[in-house]
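J.: Would you mind keeping the following structure in view while I ask a few things?
The values are calculated or read from the model by the stated rules, or taken from the named source; none is laboratory data. In this text, all values refer to a predicted model and were calculated from it rather than measured experimentally. Calculation scope for accessible area: heavy atoms of the full protein, side chains included, ligands and nucleic acids excluded. Shrake-Rupley method; radii C 1.70, N 1.55, O 1.52, S 1.80 Å.
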Amino acid sequence: MGVPRDRSPGPGHLATGAPAGRGLDAAAEVLRSAPARLDAHSGGLYLLSEDGQLLELAVTLGSARQFTRPWQRVGLTAPVPVADAARSGRIVWVGGTAHMARRYPRVAVAMPYAFCLAAAPVVSRGTVYGVVFVLWPATHPPEMSAGERERFAAFAGRLADVLADEAAAGRAARAGPRPEPAERGTTAPLTAMAARLPEGVCGIDLDGRLAAVTPTAAELLGEPVERLVGARPWTVLPWLRDPVYEYHYRAAVISGQATSFVALRPPDRWLSFELYPDPSGLTARIVPADAAGRSRPAGTPPERATHTRPGALYHLLHLAGALTEAVSVQDVVTMVSEQIVPAFGGQAVAVLLAEGGRLRIVGHRGYPPGLVDRFDGTPLTESTPGVQASTNPVPAYFETREDLERLYPGREETQDGMAAWAYLPLVTSGRLIGTCVLAFAEPHHFDLEERAVLTSLGGLIAQALDRARLYDTKLGLAQGLQESLLPRALPDVPGLEVSARYLPATEGMDIGGDFYDLIRVGPDSVAVVIGDVQGHNVNAAALMGQVRTAVRAFATADSDPSTVLSRTNRLVADLDTSLLASCAYLRVDLARREAWLADAGHPVPLLYGPNGRARALEPLVGMVLNVDPAADYPQIRIGLPIGTTLALYTDGLIDTPGADLDRALADLTATLARHGGEPLDRLADALVDRAGHGEYRTDDVALLLIRAVPR
């Protein structure tokens with residue numbers, strides 16, 4: 001999370017960011033008490049948006065509004081402390097710069113200042129209103145004490161109760177602008193006293209503007225008081241425009257600690273600046289450098305550093321980091337809509353690609369259903385803003401609907417219910433591949449910094465999209481290959497019930513070498529096979545197809561399980577591949593109600609008997625395929641009375657990172673014992689669900705169940 005701030009001229013002033021209901025005033029009063037209650041020097045309150053998808057900054061305390069711009073709106077999935085607090089429902093603590101760098105590296109790089117932070121959900125009577133956060137100076141211990149945690153939880157609870165009471169009274173709080181408080185009266189004696197000091201003294205508000213300047217300070221800075229008051233020092237004084245000086249100001253405000261620096265006023269006068277912050281602003285003491293004991297040889301510059309504006313750096317790093325996790329085109333669209341659109345105050349996003357002479361919409365969020373899809377397939381010869389942005393590598397910004405309709409009058413594409421747009425060209429490796437459209441529900445001013453950031457973001461999005469399109473293409477080909485190699489349907493066999501499951505890995509290309517098959521080999525006999533080829537790529541899928549074909553060929557030759565696996569092993573060895581494969585082959589004699597099993601290094605099948613007991617079979621396991629061309633594969637007999645169920649599976653069902661295989665096999669057997677009497681489809685689901693393979697899998701999973709039933 002970024003550090004909120006405030007434009008306030010006076011102590012405890014609370015700034016807001018968008019329209020606010022009267023109920024926000026009561027919450028502001030509570031927040032104003034944070035310094036006294038918690039010893040925190042700044043903080044803020046986020047409110048949950050009406051659609052429940054965003055946190056919107058409603059009020060801030062003790063920090064200038066300029067710091068909060070990148071975090072005015074935060075998606076609930078964003079990797080920042082306030083979003084974590086909202087998702088987890090618990091207090092989130094960040095105990096300094098090192099802790100921030102470990103837990104929230106993107107925020108740490110964008111906000112390289114020393115401070116401690118705590119964030120807590122604001123919940124009352126089962127309703128989540130938002131998140132409150134506060135900051136302590138860097139001198140705070142790296143751990144939050146139990147007493148502080150209790151006080152902070154009570155503080156968040158008080159905020160929640162106030163918001164609940166206001167909502168019940170019809171004054172629900174909303175994020176938005178609130179009236180600025182009246183200016184405080186000047187204190188003439190204090191001003192006169194400061195003017196008599198031999199050094200220069202300036203008052204700087206939390207927006208970085210000079211609120212008061214003594215005559216001595218004006219003389220040292222080389223500008224009249226009238227020109228300085230109301231301006232930012234690094235704006236009105238060219239020799240202070242190095243970002244390092246603004247960085248010191250930001251560091252003092254955010255950390256709550258005094259700081260100092262030395263600057264050269266041309267042509268040869270060195271000045272020392274000491275900044276003393278409190279929750280209402282900063283006091284700057286200015287003296288000649290030699291008077292501060294910091295004299296330097298003539299022409300010796302102070303240490304310099306380069307700092308990009310935190311807001312710009314945050315957005316670039318934030319999206320760059322997020323896009324490294326995007327795999328598919330839809331992942332890219334999701335990242336942009338969840339991480340970037342809220343930060344800029346946008347309402348919707350659409351990604352358009354130029355393909356085959358037409359404009360293709362590959363993804364969008366925030367628009368009414370069906371609205372954007374109407375423009376899919378627009379010829380690139382049409383005069384529309386989307387076509388222009390997809391064929392011209394120059395970004396286009398329309399701050400109002402009038403701006404857009406001035407260039408594109410009467411175009412249906414402009415009638416999307418939005419009021420401002422940013423069309424960002426997607427250029428990668430010198431190629432213009434399309435455009436990303438950010439749309440705003442209200443007129444929006446794009447200043448120079450925001451335009452620069454958005455243009456840079458367009459380049460990051462283009463690179464991620466290019467990678468994602470290549471991945472989607474390869475994945476489609478690979479999955480098509482695998483689907484063609486797995487059986488579309490298992491044959492109906494009188495005397496047997498059958499159910500199968502296949503789940504690809506969620507890492508890599510989502511394909512692998514697991515396979516299964518059911519083969520009619522005679523009037524009263526059937527072959528059941530399951531196997532696993534090493535790897536999760538196209539090579540594994542290709543070898544899987546060859547092994548499955550070989551097993552089918554040898555099975556239909558009426559061979560016993562031992563012979564089938566021996567012949568398959570020799571064939572794989574002749575294929576000159578380094579991949580290994582495991583396989584279990586079962587030949588079922590339906591007339592005799594028995595089966596013969598041979599195993600080539602495969603996980604042992606499980607048996608559920610008519611008596612309701614489940615156990616792991618104990619075959620004589622042979623070598624995996626492609627290790628020893630001369631390996632033997634002994635076979636064992638298994639009785640299959642009516643009601644017997646056999647479970648054949650691949651190791652992805654039990655072998656997960658950090659798992660104890662013996663324990664996992666015991667758990668799987670226990671699950672079979674509990675659900676073995678249920679219909680096979682329900683049993684298959686229970687076995688897969690037990691392993692927790694619903695969403696995340698490091699390996700693909702194959703499961704084949706057969707049950708002996710009356711013919």
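J.: Would you rank Trp421, Trp270 by solvent-accessible area, highest first, keeping every protein chain in place and using a 1.4 Å probe?
T.: Reading off the accessible areas and sorting them downward yields Trp270, Trp421.
J.: Okay, next question. Per residue, how big is the convex hull around the C-alpha atoms of the stretch 368-430? Give it to me in cubic angstrom, could you? Intermediate values should be presented prior to the final figure.
T.: Details: hull volume 6.3 nm³, N = 63.
Per residue, the Cα convex hull of the stretch 368-430 comes to 100 Å³.
J.: Next question. Treating the Cα atoms of the stretch 335-475 as identical point scatterers in vacuum, please give the log10 of the normalised Debye intensity I(q)/I(0) at q = 0.18, 0.22 Å⁻¹, two decimals.
T.: Scattering profile of the stretch 335-475, log10 relative to I(0): -1.03, -1.63.
J.: How long, wide and thick is the stretch 587-634, going by the Cα atoms along their three principal axes, in whole angstroms, largest first?
T.: 40, 24, 12
J.: Sticking with this structure for a sec: Per residue and in cubic angstrom, what volume does the convex hull of the Cα atoms of the stretch 91-180 have?
T.: Once divided by residue count, the hull of the stretch 91-180 is 137 Å³.
J.: Normalised by the residues of the stretch 513-592, what does the relative contact order come to in percent, with Cα pairs under 8 Å and at least six apart?
T.: This gives 41 percent for the stretch 513-592.
J.: When the Cα centres of the stretch 530-609 and the stretch 119-148 are compared, how far apart do they sit, in Å?
T.: Cα centroid to Cα centroid, the span is 59 Å.
J.: For the stretch 233-273, what is Rg from Cα atoms divided by 2.2 N^0.38 Å, rounded to two decimals?
T.: Details: Rg = 10.7 Å, N = 41, 2.2 N^0.38 = 9.0 Å.
That works out to 1.19 for the stretch 233-273.
J.: Could you tell me what fraction of 2.2 N^0.38 Å the Cα radius of gyration of the stretch 70-121 comes to, as a two-decimal ratio?
T.: Working it through for the stretch 70-121, the quotient is 1.06.
J.: Give the value in nm², to one decimal: projected area of the alpha carbon convex hull of the stretch 536-619, averaged over all directions.
T.: One quarter of the hull surface, i.e. the mean projection, equals 6.8 nm².
J.: Over all Cα pairs of the stretch 608-689, how is the pair count split among 5 Å bins, expressed in % and running from 0 up to the last occupied bin?
T.: 3, 12, 20, 20, 18, 15, 8, 4, 1
J.: Given the Cα atoms of the stretch 193-237, and with Rh set as the inverse mean 1/r over their pairs in the Kirkwood sense, what is Rg to Rh to two decimals? Spell out each step's value before the answer.
T.: Working: Rg = 9.7 Å, Rh = 10.3 Å.
A ratio of 0.94.
J.: Just need the Rg to Rh number for the stretch 553-665, please, alpha carbons only, Kirkwood Rh.
T.: 1.00
J.: To continue, here is another question. Per the Kirkwood treatment, what hydrodynamic radius in Å, one decimal, follows for the stretch 100-142 from the mean inverse distance over all distinct Cα pairs?
T.: Kirkwood hydrodynamic radius for the stretch 100-142: 12.1 Å.
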